[in-house]
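Below you'll find the structure, written out as structure tokens, and then a few comments.
Throughout, read-outs are computed from the coordinates displayed, never taken from laboratory work. What you see is a predicted model, and the numbers here were worked out from it, not measured in a lab. Neighbour counts run over all protein chains shown; Cβ positions are idealised from the backbone, glycine included.
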Amino acid sequence: MDRLTPLSYAFLAAEDVDPAACLVIGSMAVLDGPTPSLAELRELVAGRLPSVPRYRQRVVSTSLGLRGPAWVDAPAVEVADHVTARRVPAPGGRREVAALVAEVMAERMDRDRPLWDVTLCEGLADGQWGLLSRVHHALADGVSGTGLYRVLFDAETADAHDGQNGITRLPPLPPGAAPGVALRGLGTTALAAARGTVALGASMWPVSRSGLVGPLAGDRRYAWTEVSISESAEVRHALGVTVNDLVIASVAGGLRELLLDRGHQPDPHALRSLLPVSSRTPGTAGVPDNQVTLMLSLLPVEIDDPVERVRAAHERVARLRSAREPEAGVAWQAVAGLVPFPVLRFWMRTALRLPQQSVATVTTNVPGPREPMTCLGRPVQHLLPVVPIADRVRIGFCILSYVDHLVFGITADAASTPEVEQLAANVGASWRAVVDA
């Protein structure tokens, strides 16, 4: 029986303790017409579903709760329950698409069914249509979550952009391995993990009060901005930085403007972001599970100059890597796997109920398909990524590459962050300010 890892279970626990949390990840593919019928789409998914076994399984808890929940085959998968349709309100432009994405992404999944779904979005402007695909974070991380593309799209999804984000890959916890085996495998890096734990502990200091950390309402807002990867090649070479450094600096630039617009003077301790780090080895992008660790970085929102902001982002991430923060995350996941499940469940739910003040946002950079994709012969023009928010984090950034495009998708708590469209515009402007410098 394939049991959920402690990290995968944590995403379910976060929903259990917070009624406003919805831990699903997703993306909206925007395609040229003509729009297929719902029957055509359901037939397509039904024919390809056998190739992805995890999408035919559901989460089942043990009767006494002495062992963790596990993935088991669902008695039957009714494709009609998972593939539905909605119409984007007229005129079907950017604002209407964003509103529909926000609405759907805030809806929780039925845990009695496999934890994925697809929404056919009709009525987009210019004769376009959309596919909004979602998977629960307990099922997949951002990299493996793109595995749903294999069910929807005609062309095979290309492997992830290894090295695009400039973050060294770490040895993953072997899927299905006993926690003790995984822990022994970390023996050679025990000192590194200890150093990383000290660094992570220092990162738990509360950030400055800015209104970006606090309780969530149930509704969400969504916006996005799109930039070109190739246009940044010259400045990346000149500065000796990566795409990921530019991403972090652009997010920091957008948040800096948000703070200034709200009357806050950005300071070096204003905003800390959780930076997920993939611990996958090449060729495992399609394995549906969570192979990810983290770093916690203060964003350089106090720096006005866009080029200096990129340099600062690069230096801060480099320091965290040298301090072995990601290795600490891997080690603690292995330790959590040794803890009896009733104790782990109590500890997780207790921790998630505490009002954290250390992390203000999440910034995740997911390598997407390198080649253009099609669905039922229709070309995919854009991929809009969506990241969930929870645990008092009111704004989340998911950055997804598609061919030469890089899209910043921003999910925000509707009640506390009504200016998400302006935030997206500021992030794009911050990127272009560096490229044009």
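Would you work out which of Trp116, Thr84, Ala99 lies farthest towards the positive end of the dipole of region 2-152, given +1 charges on the beta-carbon of Lys and Arg and -1 on that of Asp and Glu, about the Cα centre?
Result: Trp116, furthest along the dipole toward the positive end.
Let me spell out the model: positive unit charges on the Cβ of Lys and Arg, negative unit charges on the Cβ of Asp and Glu, origin at the Cα centre of the chain. What dipole size does that give, in debye rounded to 20? Spell out each step's value before the answer.
Numbers: 41 positive and 46 negative charges, 284 e Å.
Computed charge dipole of the chain: roughly 1360 debye.
Charges on Cβ only, +1 for Lys and Arg, -1 for Asp and Glu, centred on the Cα centroid of region 241-349; of Val301, Pro288, Leu338, which one is farthest towards the dipole's positive end?
Highest projection toward the positive end goes to Leu338.
Among Pro206, Thr350, Ser133, flag the residue with its Cα farthest along the positive direction of the charge dipole of the chain, charges on Cβ as +1 for Lys/Arg and -1 for Asp/Glu.
Thr350
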